[in-house]
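The values are calculated or read from the model by the stated rules, or taken from the named source; none is laboratory data. Computed from a prediction, not measured in an experiment: that's the story for all the values here. Methodologically, a virtual Cβ is constructed for each residue, glycine included, from the backbone with ideal geometry; neighbour enumeration extends over all protein chains shown.
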Amino acid sequence: MVLLGCAAMAVAQQTPPDRPEVKPVPGTPGASVASDAVILTIGTEKITRAQFEDLLTALADSGRPAATATARRQVAEQLGDLTALAQEARKRKLDQSAPVKQLIIIQTDQVLAGSLAKELSDAKPDDAAAHAFYDAHKAEYEQATASHILIRFKGSQAPARPNQKDLTDEEALAKAQEIRKKLMDGADFAATAKAESDDTGSGAKGGSLGTFSHGQMVAAFDIAAFSLPVGQISEPVKTQFGYHIIKVEARTGKTFEQAKADIAKEMGKDAMDNIRKNTPIKLDETYFGKER
């Protein structure tokens with residue numbers, strides 16, 4: 001029964017339009033059966049080959065394919081059990097109770113929401129729309145390769161090293177400025193990071209943070225890493241972790257062709273977000289309490 005879940009209900013309610021058909025492979029059992037032939041009878045309910053294959057398509061769409069004859073039989077048996085119990089529940093008028101009605105509505109909405117998400121994700125935008133999206137989000141396809149040296153201060157979210165003295169904000173800034181001056185005078189960045197950085201993880205690698213995209217670092221660091229000229233050493237950048245001295249080794253961006261595979265999915269997510277934003281949702285604070 002778990003295999004079927006909401007997919008069975010979706011097929012029972014409506015036949016999904018424009019979906020690729022899932023049919024038995026020629027030469028296997030069922031390949032010659034007419035689409036309107038009844039292939040499964042459960043009590044008073046009759047299911048045709050076309051209806052059953054709509055269910056198989058729904059299961060495949062949700063990541064639970066039933067490609068073999070054995071798998072199709074298992075689906076039919078599970079559908080039989082599910083429908084038999086549902087028929088008995090209707091005889092007992094359980095479908096008329098208020099809680100069950102609400103559950104049916106919620107499950108229906110789950111199926112519809114999932115179908116919409118898949119439709120939007122699978123949609124192929126035309127080139128003009130895709131180019132417009134790429135131009136508006138070009139920065140999101142940019143990546144930076146950078147290293148840093150961190151000088152923490154008292155209250156920093158970066159853990160202190162063993163026996164390390166807590167510096168005030170002013171002391172940490174002064175130390176960061178002193179280190180930057182040494183780097184500008186020719187000190188080796190990697191060696192200095194190993195000796196001085198309070199980010200022990202990257203410090204052990206000469207300060208290397210590897211390659212990252214927009215949004216992966218805290219805001220102030222992100223702004224610096226994606227605006228600092230490649231090869232230059234930044235002024236100390238303050239975050240909740242301390243003062244960072246940043247050096248960007250490289251910055252690259254995906255071309256439209258390279259990003260094209262991701263654009264359709266991102267446009268689908270944007271469409272979903274817009275639907276949520278444009279649908280008023282109001283909670284009664286007297287009942288739910290105020291948002292914390």
Next item on the list: Give the range 56-89 a look and list any residue that's part of a helix (DSSP H, G or I), of a type in the set (Val, Ile, Thr) and more than 23 Å from Thr44 (Cβ to Cβ), or say none.
Entry: Thr57, Thr70
Notebook entry, point to check: Taking the range 56-100 as the region of interest, how many residues are basic (Lys, Arg) and either more than 35 Å from the chain's Cα centre (by Cα) or at pLDDT 95 or above (or both)?
Noted result: 4
Check: Out of (1) modelled with pLDDT under 95; (2) under 15 Å from Gln232 (Cβ atoms), the odd one out for Met184 is which?
Finding: (1)
Next item on the list: Collect the residues in the range 199-232 that are among the small types (Gly, Ala, Ser), over 15 Å from Leu183 (Cβ atoms) and part of a loop (DSSP other than H, G, I, E, B), keeping them in residue-number order.
Entry: Ala204, Gly215, Ser227
Margin query: Just to be sure I understand the filter: pairs with C-beta atoms under 6 Å, separated by 6 or more residues or on different chains, first member in the range 126-137 and closer than 16 Å to Gly253 by Cα, second member surrounded by fewer than 16 Cβ atoms within 10 Å (Cβ to Cβ). Which pairs pass?
Written below: Tyr134/Phe256
Check: Does Val230 satisfy being in contact with a strand residue (DSSP E or B) (Cβ under 6 Å, 6 or more places away or on another chain) and over 14 Å from Lys247 (Cα atoms)?
Finding: no
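For the range 146-194, which residues satisfy the criterion of being without any contact (Cβ under 8 Å) to a residue 12 or more places away in the chain and either part of a strand (DSSP E or B) or of a type in the set (Gly, Ala, Ser) (or both)? Reasoning before the result, please.
Our first condition is that a residue be without any contact (Cβ under 8 Å) to a residue 12 or more places away in the chain; within the range 146-194, this holds for 155, 159, 162-163, 165, 170, 174, 178, 181-182, 185-188.
Scanning the range 146-194 gives Gly155, Ala174, Gly186, Ala187.
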Next item on the list: Search the range 149-162 for residues being out of contact with any Lys or Arg (no Cβ under 7 Å at 6 or more places or on another chain) and under 18 Å from Ala225 (Cα atoms), and hand back the single one that is surrounded by the fewest Cβ atoms within 10 Å (Cβ to Cβ).
Entry: Leu150
Notebook entry, point to check: Among the numbered criteria (1) in a helix (DSSP H, G or I); (2) of a type in the set (D, E, K, R); (3) closer than 25 Å to Met267 by Cα, which single criterion is violated by Glu53?
Noted result: (3)
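Yes/no per residue for (1) farther than 11 Å from Ile245 by Cα; (2) surrounded by 14 or more Cβ atoms within 10 Å (Cβ to Cβ); (3) polar (S, T, N, Q):
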{"position": "Gln164", "(1), (2), (3)": "yes, no, yes"}
{"position": "Gly201", "(1), (2), (3)": "yes, no, no"}
{"position": "Ser208", "(1), (2), (3)": "yes, yes, yes"}
{"position": "Ile223", "(1), (2), (3)": "yes, no, no"}
Check: Residues in the range 25-40: is at least one modelled with pLDDT of 65 or more, within 31 Å of the chain's Cα centre (by Cα) and surrounded by 13 or more Cβ atoms within 10 Å (Cβ to Cβ)?
Finding: no
